[in-house]
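*Asks:* My questions will all concern the structure given below.
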């Protein structure tokens, strides 16, 4: 038995080093930003900065672990594309239509509000991606946008633009 066979060359995915650096940098930014948070009330068992320390620390550790894994030669397996034809090109028409919908939402959300624009965003995106049930898409979009508006505005106390429905919602 010949054990002196040459091993295949070690592959190093250098893009993973960039991702590791980015994840680590985001973690450092979160940690530094957490230093500027005001302390909460003395009776709070968990202070507000604790979350930024935990998340920032986890991101720094994960960035380091990814760098070590990359250095050791771990390379992600390419996607097999079970239901996707990987030889096909990008569908530019669909992409540009989705970008147009997002630009419209950004431009009009202050005036029309989230309840209307969220419904438009869902219905238009579903239509562009192949749905042909317009009334159902609009109904689901209205329900999702209203639930998310009330969840943020009432449940979390985060103001979301009501637009022309201010006073109605």
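The values are calculated or read from the model by the stated rules, or taken from the named source; none is laboratory data. Because the structure is predicted, anything quoted here is derived from the model rather than measured. Backbone-built Cβ (ideal geometry, glycine too); neighbour counts: all protein chains shown.
*Asks:* Among the candidates 68, 60, 168, 75, single out the residue that is assigned to a loop (DSSP other than H, G, I, E, B) and closer than 30 Å to residue 17 by Cβ.
*Replies:* One residue alone meets the criteria, 75.
*Asks:* Examine region 96-112 for a residue that is outside the structural domain of residue 21 (by TED's automatic domain parsing), surrounded by fewer than 12 Cβ atoms within 10 Å (Cβ to Cβ), in contact (Cβ under 8 Å) with a residue 12 or more places away in the chain and within 30 Å of residue 30 (Cα to Cα), and state whether such a residue exists.
*Replies:* yes
*Asks:* Tally time: how many residues in region 134-162 are touching a helix residue (DSSP H, G or I) at 6+ places or on another chain (Cβ under 8 Å) and either in a loop (DSSP other than H, G, I, E, B) or outside the structural domain of residue 106 (by TED's automatic domain parsing) (or both)?
*Replies:* Of the residues in that region, 5 qualify.
*Asks:* Given the condition within 30 Å of residue 91 (Cα to Cα) and either more than 21 Å from the chain's Cα centre (by Cα) or surrounded by 19 or more Cβ atoms within 10 Å (Cβ to Cβ) (or both), answer yes or no: does some residue in region 154-169 qualify?
*Replies:* No, region 154-169 contains no residue that is within 30 Å of residue 91 (Cα to Cα) and either more than 21 Å from the chain's Cα centre (by Cα) or surrounded by 19 or more Cβ atoms within 10 Å (Cβ to Cβ) (or both).
*Asks:* Restricting the first residue to region 37-58 and requiring it to be in the same structural domain as residue 25 (by TED's automatic domain parsing), which pairs with a second residue that is at pLDDT below 85 and assigned to a helix (DSSP H, G or I) meet a Cβ separation below 7 Å and a spacing of at least six or different chains?
*Replies:* Close Cβ pairs (under 7 Å, with a partner that is at pLDDT below 85 and assigned to a helix (DSSP H, G or I)) amount to 37/49.
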